[in-house]
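To start, the structure under review is shown below, and the notes come after it.
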Amino acid sequence: MLRRQKRLTLRQQQERWAFAFMGIPLLFFAFIRFYPALYAFNISLRNWSMLAAERPFVGLQNYRDIFADEVFWIALKNTFTYALVGVPLQIIIGLGIALMLYNIKRLVPFFRALYFVPYVTSVVAVAWVWRFMYQPHIGIFNRILLDLGFEQIQFLRNPDTALFSILAMIIWHGVGFQIVLFLAGLEMIPDTFYEAAQIDGANSRQIFFRITLPLLNPTIVFVVVMSSIRYLQVFSEVMNMSNEGLGGPLNSTISTVLHIYRTAFHRFDMGRASAMTVVLFVIVLVITMIQMKLVTRKFEY
């Protein structure tokens, strides 16, 4: 009885130490994450100009102003375009390449590194390289078009093509991360499932839709959620590739985060910028919850 009591006491001490060690990073996370978020909500309720000494409480006026702002709705529309087009394309491309890499036997580390290198490269550097490749006359894309006998395309100067030109770079830059995630998910699927399916005479299409895709569901859920959050918060790519870094031409590429940045640091209106931040946070939260509800499926190995 005494030994049992002593063991329980030791276990309680271990739990206390565990909670103590977890509590330190939790407090740090709360300080750098939760406190700024709550403070941003407080700023969104005030007429908070960086050039004014007084910052009076105005209630929901900032929210009324941003909902009446035409540029805000354009930025929101562009942001959803980035996400609705970019997320599915990036997942399809990433899964397709991952399946091909999973089936090859030679030079596997080389190909994995080759696809992953763009993801760890600076976004700013990648954006400027792509911006150069899109240039008329000297850009590689227009040089190819001219060699093939086609007219040049003003990729980043035409409102009809600018957004999708930037989107192509975002997909290329981030697909390597998804390839690595899908490869990890594929390697977790036991080979016995594939062997049993082949014995039963299943073809490649049936194996993919009945075995691979369902058992990849946890990976797909993670990829969909993380990719959606990334596309809804797109900023650096648009700022470095758009006309004068302002989301041009004619606001055709501006994203919500870039509009928040312009409002805060060009107009010095932190109240409206914080209100837009709160709205974007709610949108991301709602979309994430809906995605986790719709995409998640029960699976068993």
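Some observations on this one:
- Taken over the stretch 88-112, residues that are at pLDDT below 85 and under 9 Å from residue 176 (Cα atoms) amount to 1.
- Single residue of the stretch 194-229 satisfying the filter (over 27 Å from the mean Cα position of the chain (by Cα) and among the hydroxyl-bearing types (Ser, Thr, Tyr)) that is nearest to residue 173 (Cα to Cα): 204
- Criterion violated by residue 151 - all others in (1) surrounded by fewer than 17 Cβ atoms within 10 Å (Cβ to Cβ); (2) part of a helix (DSSP H, G or I) satisfied: (2)
- Restricting 236, 242, 255 to residues that are in contact with a strand residue (DSSP E or B) (Cβ under 6 Å, 6 or more places away or on another chain) and in contact (Cβ under 8 Å) with a residue 40 or more places away in the chain narrows the list to 242.
- Residue selected from the stretch 137-148 under the condition loosely packed, with under 14 Cβ neighbours inside 10 Å, aliphatic (A, V, I, L, M) and out of contact with any helix residue (DSSP H, G or I) (no Cβ under 7 Å at 6 or more places or on another chain), by the criterion farthest from residue 241 (Cα to Cα): 148
- Evaluation of residue 134 against the conditions (1) closer than 20 Å to residue 231 by Cα; (2) surrounded by 15 or more Cβ atoms within 10 Å (Cβ to Cβ); (3) in contact (Cβ under 8 Å) with a residue 12 or more places away in the chain shows that the sole unmet condition is (1).
- Beta carbons closer than 9 Å, at least 6 apart along the sequence or on distinct chains, pair a first residue in the stretch 290-301 that is at pLDDT below 75 with a second that is part of a loop (DSSP other than H, G, I, E, B) for 299/216; 301/189; 301/190.
- Residue 117 vs. criteria touching a helix residue (DSSP H, G or I) at 6+ places or on another chain (Cβ under 8 Å), in contact (Cβ under 8 Å) with a residue 12 or more places away in the chain and surrounded by 15 or more Cβ atoms within 10 Å (Cβ to Cβ): no
- In the stretch 21-38, the residues that are farther than 19 Å from residue 273 by Cα never reach a residue that is among the aromatic types (Phe, Trp, Tyr) and surrounded by 10 or more Cβ atoms within 10 Å (Cβ to Cβ) with C-beta atoms less than 6 angstrom apart, at least six apart or across chains.
The values are calculated or read from the model by the stated rules, or taken from the named source; none is laboratory data. Since we're looking at a predicted model, the values are computed, not measured. Quick reminder, even Gly has a Cβ in these numbers, built from the backbone with ideal geometry, and neighbours come from all protein chains shown.
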